[in-house]
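Below is one structure; the comments refer to it alone.
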Amino acid sequence: MPAELIDGVAIARQIRDEVACDVQRLAQRGIVPGLTVVLVGDDPASAVYVRSKGKATDEAGMHSVTIRLPADTMQATLLAQVDALNADPLVHGILVQMPLPKQIDADAIVRRIRPDKDVDGFHPVNVGKNLIGERDGFVPCTPAGVQELLVRSGVETRGAECVVVGRSNIVGKPMMALMLQNAAGANATVTVCHSATRDLAAHTRRADILIVAAGRPRMVTGEMIRPGAVVIDVGINRVADASARSGYRLVGDVDFESAREVASLITPVPGGVGPMTIALLLRNTVRAAERLA
Ligand code: NAD
C-alpha cells in the first residue's frame with residue numbers, strides 16, 4: 001500500500017491559526033509582534049521568499065516591515081542597520097535574508113543580531129541553547145517545522161532510529177540536536193550522514209524516521225528506505241521540465257514515486273516541509289514579542 005501523505009499545507013495552516021490567536025491575545029495587552037526582514041540585493045529567489053514572509057506576517061495580524069538595501073551595500077552599513085533594529089522596541093524579530101552579497105561577512109551579521117530577536121535561530125547563543133536543550137532560545141524554522149510535522153502526524157519519536165542526511169547549520173545539525181533531546185517529540189537515536197559518509201544506503205535503511213536535507217534532487221530512492229519508515233523530504237530543487245509552463249518543476253531530495261511504495265508516511269514536495277518554515281517563523285516572532293514584553 002502506498003504511503004500516506006503528510007499534509008504540510010494543512011499542518012502549517014493549523015500553526016498559523018494558533019499564531020493568529022496568540023497575536024490577538026497579545027493585542028489585548030497592547031503588543032503587536034513585529035518582524036523586520038532585511039533583503040540586500042536583488043536575488044530573485046530571495047525576493048520571492050521575502051514577499052511570502054511579509055504576506056504571512058501581515059495575515060497573522062503582525063507588524064511586518066521589509067527593508068531593501070542595494071546589492072553594493074557595505075558591511076558597516078548593514079551592521080548599523082542591524083544595530084538600529086536591535087534597539088527598536090517595535091521590532092521583536094529580525095531576519096537578514098541569506099545569501100548576502102560577497103562583500104559582506106554573513107557570520108558577522110548573524111552574530112550582531114540580538115539573540116532574543118534572532119527568530120531565524122542562527123546566532124551562536126541560540127545554536128548552543130538548542131544543543132543543550134534550553135527552551136528559551138530560538139530553534140531554526142525548518143528543523144522546528146519538521147519536528148512539528150512528526151508530532152502532529154502522531155509519529156513515535158522516542159527510541160526511534162532517526163537518520164538525518166545533511167549536516168548544514170540551517171537544517172541538518174539543528175535537526176540532529178532537536179531529535180536527540182530527552183524531550184517530547186524527540187528522544188530518538190540519531191545518526192547524521194553527510195557527503196563523506198561511506199555507504200549512505202546502509203544508514204538510511206536502518207531509519208524508522210528518515211529526514212533528508214542534502215540538496216540533491218531525488219537522491220534517496222525507494223530501495224534505500226526501510227519498509228514502513230516515515231520519510232521527511234526537506235529538499236527543494238528545480239529540475240528542467242519541458243511540459244511545465246515555467247520550464248521547470250520542483251522536486252525533493254527523495255525520489256517520491258519509488259519512496260512512496262515503501263514508506264508508511266511521506267512528505268510531498270512541494271506541500272510538505274516548505275510551508276512549515278514560514279509558519280514556524282511566525283511562531284518564533286510571537287514568542288520573541290512575548291519574551292521581550
Ligand atoms: P547544504 O547544501 O548547505 O547542505 C547539504 C548537506 O547535504 C551537506 O551537509 C552535505 O554534506 C550533505 N550531502 C550532500 N551530498 C550528499 C550525499 N551524496 N550523501 C550524503 N550527504 C550529502 O543544504 P541545506 O541548506 O541544508 O539544504 C538542503 C536542502 O533543503 C536543499 O534542497 C534546500 O533547498 C532545502 N531547504 C528547504 C527548506 C524548506 O523550507 N523546505 C529550507 C532550507 C533548505
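The values are calculated or read from the model by the stated rules, or taken from the named source; none is laboratory data. What you are looking at is a predicted structure, and each value in this text was computed from that prediction instead of being measured. Cβ atoms come from the backbone with ideal geometry, glycine included; neighbour counts cover every protein chain shown. For accessibility, only protein heavy atoms count, side chains too; no ligands or nucleic acids. Shrake-Rupley method; radii C 1.70, N 1.55, O 1.52, S 1.80 Å.
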* Could you tell me which residue of segment 143-171 is farthest from the ligand (Cβ to nearest atom), considering only residues that are open to solvent by 30 Å² or more (accessible area, probe 1.4 Å) and touching a Leu at 6+ places or on another chain (Cβ under 8 Å)? => S153
* Test result for P99, at pLDDT 95 or above, surrounded by fewer than 19 Cβ atoms within 10 Å (Cβ to Cβ) and within 30 Å of V65 (Cβ to Cβ) -> yes
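Residues of segment 134-146 being part of a loop (DSSP other than H, G, I, E, B) and either over 17 Å from N284 (Cβ atoms) or aliphatic (A, V, I, L, M) (or both), which ones?
Passing the criteria: only V139.
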* Please determine, by comparing only the residues of segment 113-124 that are in a loop (DSSP other than H, G, I, E, B) and charged (D, E, K, R), which one is surrounded by the most Cβ atoms within 10 Å (Cβ to Cβ). => D118
* So V239, is it over 21 Å from D120 (Cα atoms), within 19 Å of the chain's Cα centre (by Cα) and open to solvent by less than 40 Å² (accessible area, probe 1.4 Å) -> no
* Residues being assigned to a helix (DSSP H, G or I) and charged (D, E, K, R): count how many of those fall in segment 241-259. => 1
* Structure fact -> For segment 261-279, pairs from a residue that is hydroxyl-bearing (S, T, Y) and assigned to a loop (DSSP other than H, G, I, E, B) to a residue that is open to solvent by less than 20 Å² (accessible area, probe 1.4 Å) and within 8 Å of the ligand (Cβ to nearest atom), with Cβ under 8 Å and 6 or more apart or across chains, are T267/G252; T267/V273
* Asked: Is it fair to say R249 is open to solvent by 80 Å² or more (accessible area, probe 1.4 Å), within 11 Å of the ligand (Cβ to nearest atom) and either within 20 Å of P143 (Cα to Cα) or not hydrophobic (A, V, I, L, M, F, W, C) (or both)?
  -> no
* Meets criteria (within 15 Å of the ligand (Cβ to nearest atom) and open to solvent by 40 Å² or more (accessible area, probe 1.4 Å)) for P227 -> no
* Structure fact -> Within segment 174-214, residues among the charged types (D, E, K, R) and either out of contact with any Lys or Arg (no Cβ under 9 Å at 6 or more places or on another chain) or surrounded by fewer than 19 Cβ atoms within 10 Å (Cβ to Cβ) (or both) come out as R198, D199, R205, R206
* Would you mention how many residues in segment 19-47 are of a type in the set (A, V, I, L, M, F, W, C) and at pLDDT below 95? => 2
* Which residues, counting only those in segment 256-282, are more than 9 Å from the ligand (Cβ to nearest atom), surrounded by fewer than 24 Cβ atoms within 10 Å (Cβ to Cβ) and either within 14 Å of the chain's Cα centre (by Cα) or under 19 Å from Q14 (Cβ atoms) (or both)? -> L265, P268, G271
* Asked: Of (1) at pLDDT 95 or above; (2) over 18 Å from G121 (Cβ atoms), A108 satisfies all except one. Which?
  -> (2)
